[in-house]
Amino acid sequence: MIISGILRNQQSTGTAGQGHHSIDVLYPMRCWLKQIEINNIAIARLICRLIPAQCPFARTISWKQRKLIVIPPLCKINPFYDELMELRFRALCFLADQPSESIYIGRAINAEATKSY
């Protein structure tokens, strides 16, 4: 299974019958990230804390209220970006299903700590 996933036949850009084989060495790690099951509140909170909702590297550099440079988010060049976002989403969904948890602005917060008396 892993070997068949590592060696994938991509669509040909040339004539019919010519296939290009590429080696996806990150395939086992991608599979592992997709297979992680979230069934613990502490683990779900940790995942939400470690994986940011937005790319932390996007910046706008201004001088005297004029934009000089806009650095775009570079998270899309991360080879595990989609898998990490999916893992964070699954953790948030798990926390949302728990009666003692609430989700607030992309963070998991204990509902008992946010009660106002």
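The values are calculated or read from the model by the stated rules, or taken from the named source; none is laboratory data. Everything quoted here is computed from the prediction, not taken from an experiment. Glycine gets a Cβ as well: all are built from the backbone with ideal geometry, and neighbour counts include every protein chain shown.
Is at least one residue of segment 32-41 at pLDDT below 90, surrounded by 12 or more Cβ atoms within 10 Å (Cβ to Cβ) and under 30 Å from Ser102 (Cβ atoms)? Full working, then the answer.
Filtering segment 32-41 down to residues at pLDDT below 90 leaves none.
No, there is no match, as no residue in segment 32-41 is at pLDDT below 90, surrounded by 12 or more Cβ atoms within 10 Å (Cβ to Cβ) and under 30 Å from Ser102 (Cβ atoms).
Confirm whether Pro73 is surrounded by 12 or more Cβ atoms within 10 Å (Cβ to Cβ) and either among the small types (Gly, Ala, Ser) or modelled with pLDDT under 80 (or both).
Working: surrounded by 12 or more Cβ atoms within 10 Å (Cβ to Cβ): yes; either among the small types (Gly, Ala, Ser) or modelled with pLDDT under 80 (or both): yes.
Yes, satisfied.
The residue that is modelled with the highest pLDDT, among those in segment 42-54 that are loosely packed, with under 13 Cβ neighbours inside 10 Å and outside any loop (DSSP other than H, G, I, E, B), is Ala42.
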